[in-house]
Amino acid sequence: MLTPFKRPSVLPGFWPAFSYTALYLTVIVLIPLSAVFLKAVSSSWEHLWKAISAPNVVASYRLSFGASLVAGLISVVVGFLVAWVLVRYEFPGKALADALVDLPFALPTAVAGIALTSLYTENGWVGRYLTPLGIKVAFTPLGVVVALTFIGLPFVVRSVQPVLADADRELEEAAASLGATRRQIFWRVILPIVRPALFTGFALALARALGEYGSVIFISGNLPMKTEITPLLIVSKLEQYDYAGATAIAAVMLIASFALLLGVNALQRRTRRFMETE
Amino acid sequence: MKHTPRMIAALMLGSALFAAGPVKLLNVSYDPTRELYQEINAAFAKQWKAKTGADVTISQSHGGSGKQARSVIDGLQADVVTLGLAYDIDSIAEHAHLLPANWQTRLPNNSTPYTSTIVFLVRKGNPKHIGDWEDLVKPGVSVITPNPKTSGGARWSYLAAWGYALKKNNGDDKKAEEFVTRLYRNVPVLDSGARGSTTTFAQRGIGDVLLSWENEAFLALNELGKDKVEVITPAISILAEPPVAVVDKIAAKHGTTEVAKAYLEFLYSEEGQEIGAKNYYRARSAQALAKYPNRFPALQLFTVDELFGGWQKAQKRHFEDGGVFDRIYGVGR
């Protein structure tokens with residue numbers, strides 16, 4: 001029998017491994033997710049449409065996706081920088097700095113939210129210097145971005161770091177000896193190597209930011225139409241016993257997130273193919 | 001049946017305990033009653049032991065009133081519920097049919113052994129000179145209150161402000177909506193629950209005035225110190241009636257109906273009333289109140305039934321999706 005997706009391999013055990021993967025994905029991922037959709041469609045279409053298209057819900061999509069994208073991009077730039085410093089330089093306290101990167105993973109997000117809010121309110125340590133400049137962070141969309149950047153950063157650093165550590169420095173030296181400028185070396189040698197890792201980090205940070213709840217609700221202020229994130233509205237619907245409405249919004253979020261992540265992955269594959277052909 | 005495993009676990013637990021002797025009650029309550037029921041439970045257990053010779057242990061569960069009601073609907077095994085507003089117990093009756101719809105008529109005073117009201121907590125020295133509702137809508141005054149869609153306490157605050165404006169403008173509904181809209185323009189952050197708002201105001205130092213349950217305000221005053229905050233009682237406010245009820249079906253299943261009823265009746269007894277007053281609830285008994293003179297300033301109080309036609313109506317008109325609260329925030333349909 002010809003199995004179109006089985007490639008010859010020196011290691012046996014394709015079918016058990018494949019079956020296990022399929023089973024795992026079904027039990028752990030697909031069943032809970034389909035429960036969301038089933039619960040949602042238990043109500044009338046009219047009610048569902050109303051729930052997912054209400055002005056405050058639409059405003060929350062804008063904030064949730066917008067802030068997550070912005071925070072993901074910031075994480076990519078800053079995370080690359082951090083990874084670069086951690087890989088390429090030796091400095092006292094490097095092990096400590098390296099460990100610090102993981103802290104946002106470990107911290108309960110509510111704690112992070114409370115800490116950030118205390119820092120950035122009008123009379124907080126940071127906020128009091130920003131307020132005279134007319135910059136308000138806490139209780140504005142900017143605060144949401146700050147919180148999402150905080151939790152997103154380690155994803156990028158940890159994705160890029162090993163790739164950067166593996167990258168051959170000789171390639172850079174060869175480029176330099178062939179007369180490439182520093183800028184060219186960065187854009188044409190280093191970036192292509194880490195680009196897939198940057199995409200992975202971005203996708204992870206984005207996914208995490210879209211689902212983030214704990215840290216954001218403290219700093220966002222939760223004002224309808226202005227600073228309500230979509231997960232908050234889902235919780236708020238539940239508090240009003242509107243299970244169908246809550247799951248409908250959750251389903252919209254799921255589909256949109258899935259599409260976004262598919263897009264990011266497709267981009268990543270294209271850049272990789274581009275590298276392979278070059 | 002999504003609750004089956006939990007029910008089996010609870011039954012097994014229940015029968016194990018039954019064999020061991022002491023009766024177990026679970027009281028599912030809202031946020032600021034933690035201290036009150038600790039005291040009540042100890043006193044009731046003592047009285048029950050003296051009366052029947054049996055031991056009773058009462059567990060407490062606390063959280064936002066709406067969230068607690070939802071937990072009971074989803075299968076939390078509450079023998080009694082003591083929640084922040086009648087609407088939440090109505091929801092349990094409506095969505096899970098665990099108790100009859102007329103539950104509120106089964107105990108005296110609308111099934112509310114104590115009442116409370118909404119007062120203002122301000123910073124020491126009251127720098128913004130806040131004395132009554134009118135001061136809350138002044139420009140430059142920052143008001144802290146949770147989101148009424150998710151917090152029971154916040155719904156009382158919202159209706160208190162609305163009621164004040166109604167009374168002041170001879171029942172003009174338009175003017176009341178204007179007033180409440182102006183008030184919420186002064187709200188910089190909407191936390192999801194009462195405790196969250198208290199933290200925002202007290203710990204993070206945000207806002208000039210916190211709209212709060214009277215008992216919660218006094219607790220905050222004790223905790224933060226009289227050198228930090230003051231309680232201001234407005235001349236007029238809402239009579240907040242947090243009700244109690246036996247959850248019939250769950251109590252019947254546990255065989256705790258009798259003790260659950262006695263537990264709630266104990267709240268109405270002189271001893272229960274005094275513990276309520278001690279914990280800053282306005283007891284129904286004048287005798288209990290008299291033990292704490294000067295604690296509860298006299299003010300004009302109106303009820304939800306008087307001005308809003310009951311909780312079901314108030315909820316529908318003001319807090320449902322597409323209701324007046326949404327309109328205030330520009331969430332038009």
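Here is how the numbers come out for the structure above:
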| read-out | value |
| --- | --- |
| B versus A: buried accessible surface, summed, Å² (probe 1.4 Å, to nearest 100) | 2300 Å² |
| Karplus 3J(HN,Hα) series, Hz, for segment B:83-91 with 6.51 cos²θ - 1.76 cosθ + 1.60 (x for Gly, Pro) | 10, x, 7, 4, 4, 5, 6, 3, 4 |
| Violating pairs (Cα-Cα greater than 24 angstrom) within the set B:Lys174/B:Lys313; B:Lys138/B:Lys174; B:Lys149/B:Lys253 | B:Lys149/B:Lys253 |
| Residues A:Ile255 and B:Glu270, FRET efficiency given R0 of 60 Å [Cβ-Cβ distance, rounded to 0.05] | 0.50 |
| Long-range amide H partners of B:Ser59 with built H, under 5 Å | B:Leu25, B:Leu26, B:Asn27 |
| Model label zone, A:Asn123; criterion: amide N under 17 Å from point 7 Å along Cα-to-beta-carbon; scope segment B:176-197 | B:188-189, B:197 |
| Backbone HN-Hα couplings from phi across segment B:295-311 [Karplus 6.51/-1.76/1.60, Hz, Gly and Pro as x] | 7, 10, x, 6, 8, 7, 10, 10, 10, 5, 4, 4, 9, 10, x, x, 5 |
| Net charge dipole size for chain B [Lys, Arg +1 and Asp, Glu -1 on Cβ; Debye, nearest 20] | 360 debye |
| Label point distance in nm, A:Ala115-B:Ser59, each placed 7 Å from Cα along Cα→Cβ | 3.3 nm |
| Heavy-atom accessible area per residue - the protein assembly as shown, 1.4 Å, Å² | 48 Å² |
| Using θ = phi - 60° and Karplus 6.51 cos²θ - 1.76 cosθ + 1.60, couplings along segment B:108-114 (whole Hz; Gly, Pro as x) | x, 6, 6, 6, 10, x, 10 |
| Centre separation in Å (Cα based) which lies between segment B:96-129 and segment A:128-207 | 53 Å |
| Cβ-derived FRET efficiency at R0 22 Å, B:Lys278 paired with B:Thr52, nearest 0.05 | 0.30 |
| FRET E, pair B:Asn294, A:Lys50, Förster distance 41 Å, beta-carbon r, rounded to 0.05 | 0.20 |
| At least 10 Å² accessible surface lost relative to isolated chain, residues of segment A:41-58 (1.4 Å probe) | A:Lys50, A:Ala54, A:Pro55, A:Asn56 |
| Among A:Leu30, B:Thr303, A:Leu238 the positive-end extreme of the charge dipole of the protein assembly as shown (Cβ point charges) | A:Leu30 |
| Cα centroid separation - segment B:151-166 against segment B:61-92, whole Å | 21 Å |
| Choice from A:Ala244, A:Ala115, A:Ala106 showing the highest fluctuation, given a GNM over chain A with Cα pairs closer than 10 Å | A:Ala106 |
| Helix-only CD estimate at 222 nm, as mean residue ellipticity for the protein assembly as shown, using -39500 (n - 2.57) per DSSP H run (n ≥ 4) | -18000 deg cm²/dmol |
| Positive-end extreme of charge dipole, segment B:22-110 - chosen from B:Pro100, B:Leu76, B:Gln38 (charges on Cβ) | B:Gln38 |
| Overall form of chain A per C-alpha gyration tensor (a/c, 1.5; a/b vs b/c) | oblate |
| Distance between segment B:200-224 and segment A:22-56 - C-alpha centres, whole angstrom | 40 Å |
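The values are calculated or read from the model by the stated rules, or taken from the named source; none is laboratory data. These numbers come from a predicted model, not from an experiment. Cβ: placed from backbone, ideal geometry, glycine included. Neighbour counts: every protein chain shown. With ligands, DNA and RNA removed, areas are computed over all heavy atoms of the protein, side chains included. Shrake-Rupley method; radii C 1.70, N 1.55, O 1.52, S 1.80 Å.
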